[in-house]
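Chemist: If you scroll down you'll find the structure; I have some questions about it.
The values are calculated or read from the model by the stated rules, or taken from the named source; none is laboratory data. Keep in mind the model is a prediction, meaning the values are calculated, not measured. Note: ideal-geometry Cβ built from the backbone for every residue, glycine included; neighbour counts use all protein chains shown.
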Amino acid sequence: MGIPSEDIVLINQSEKPGDPSVITVNCPDKTGLGCDLCRIILFFGLSIVRGDVSTDGKWCYIVFWVVGRWRTRWSVLKKRLLAACPSCSSASGIYFYRPEIDRPPKLPDVFLLKFCSFDRRGLLHDVTEVLCQLELTIRRVKVSTTPDGKVMDLFFIIDTRELLHTKKRQEDTCDQLRAVLGDSMISCEIELASVELTSCLQGSSFLSPAITEEMFNLELPDESPVGSPGTSTANSLSVMMDNSLSPAHTLIQIHCQDHKGLLYDIMRTLKDYNIQISYGRFSANRIGNCEVDLFVVQVDGKKIIDTNKQKALSSRLRMELFRPLRVAVVSRGPDTELLVANPVELSGKGRPLVFYDITLALKMLNRCIFLAEIGRHVIGDREWEVYRILLEDGHEFSKDRNTIEEGVRKMLMGWE
């Protein structure tokens, strides 16, 4: 008998607070499936504390133990995970993978949300939280504050549910914003972004060489053994490859400090290198150390024998785990600017909830946002999503720059 579609993804919610819920995925395999599932789980604010992956190259069985928000919309999460699984066809009760036609995927429609309100602390985070709850992905944002205390927000958004073209979905979105912001909201409009406006997503404001030098030319830490609890990320990071333990697979062993989205960072790196996982196990202990064992092959089904490929993959994994996001607070003339850079997958997808975490950290630090922009830049051989936040300055603000940088970094890494 085949597997009914509703049983491809099973979710067993925890019965006790603090215990992990269990997500089981049993479906046809494809390169990068683990990355896609981890991104969705991260989008719903959940952290993976343990994982098991097994596949024969055609069919895979994945189990994730997750913890996180107590108000998780489990039914919606299941739908999103189901949509990410490869499609199946049935014949005589037997299910098999139906490869997709080799053609470029349809680009999602981009909508422009124009929003005007009176300014207050935490406003931008509250708006961002509503959009995330509605499963609206922010592709770019332009936020500015006028001298009379009003805020004009321009959000370029994509609807995960693909319903934003309908009047009801647009009205529901504006109503949700109005319910949160109350009388401070002045106007709200949503329209399909024109070709000219959409093309603006491909470019963004100039990044100075000083900024790129500071944020992107980081020195990779030396290979180090796992440190004792409380050691720095660099001192507790180890990536090793071994071809002697399996006749058909390369073993990748990773020991590192835990952070939000860690398994996603590993999976997206392997996806970009076209590495397929045949068997894998991930676990994180209570003191924040992680162990990952992955038996992998190249897209041709062979081990990673070439030493140059091994070094390149090992180096990339170490860098992604050492500093998955780049954070800096810099001077911009007389003003102070917060910059956060997020690596974009080769598929064009970026890490979810980055803007949400940035605005939440600034709200908790009681810092006002004067101007905000999101753009994409190609730096070196990679594309980055760069968040630029111009902060309202104060006479003692420069003394707090380290506090702001550290607070934002901890929120992004889940160390708050």
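Chemist: Out of the residues in the stretch 120-146 that are touching a helix residue (DSSP H, G or I) at 6+ places or on another chain (Cβ under 9 Å) and β-branched (Val, Ile, Thr), which is farthest from Leu365 (Cα to Cα)?
Modeler: Once the filter is applied, the top-ranked residue is Thr137.
Chemist: Any residue in the stretch 359-379 that is outside the structural domain of Asp153 (by TED's automatic domain parsing), crowded, with 16+ Cβ neighbours inside 10 Å, modelled with pLDDT of 90 or more and among the acidic types (Asp, Glu)?
Modeler: Scanning the stretch 359-379 turns up no residue that is outside the structural domain of Asp153 (by TED's automatic domain parsing), crowded, with 16+ Cβ neighbours inside 10 Å, modelled with pLDDT of 90 or more and among the acidic types (Asp, Glu).
Chemist: Conditions: (1) touching a residue at least 60 places away in the same chain (Cβ under 8 Å); (2) β-branched (Val, Ile, Thr); (3) under 24 Å from Ile41 (Cβ atoms); (4) surrounded by 20 or more Cβ atoms within 10 Å (Cβ to Cβ). Val143 meets all but one. Number of the miss?
Modeler: Result: Val143 fails condition (3) only.
Chemist: Name the residue, out of Tyr279, Tyr273, that is touching a helix residue (DSSP H, G or I) at 6+ places or on another chain (Cβ under 9 Å), assigned by TED's automatic domain parsing to the domain that holds Ile62 and at pLDDT 85 or above.
Modeler: Tyr273
Chemist: What do you reckon, is Ile41 in a helix (DSSP H, G or I), surrounded by 22 or more Cβ atoms within 10 Å (Cβ to Cβ) and among the β-branched types (Val, Ile, Thr)?
Modeler: Against the criterion (in a helix (DSSP H, G or I), surrounded by 22 or more Cβ atoms within 10 Å (Cβ to Cβ) and among the β-branched types (Val, Ile, Thr)), Ile41 qualifies.
Chemist: Now for a different question. Can you name the condition, by its number, that Gly375 falls short on among (1) assigned to a strand (DSSP E or B); (2) over 25 Å from Asp265 (Cβ atoms)?
Modeler: Unmet for Gly375, out of (1) assigned to a strand (DSSP E or B); (2) over 25 Å from Asp265 (Cβ atoms): (2).
Chemist: Let me ask something else about it. From the list Leu77, Leu46, pick out the single residue that is within 17 Å of His259 (Cβ to Cβ) and not polar (S, T, N, Q).
Modeler: That would be Leu46, the only listed residue that is within 17 Å of His259 (Cβ to Cβ) and not polar (S, T, N, Q).
Chemist: Considering each residue of the stretch 180-192, count those that are assigned to a helix (DSSP H, G or I) and more than 12 Å from Leu134 (Cβ to Cβ), and give that number.
Modeler: Number of matching residues: 4.
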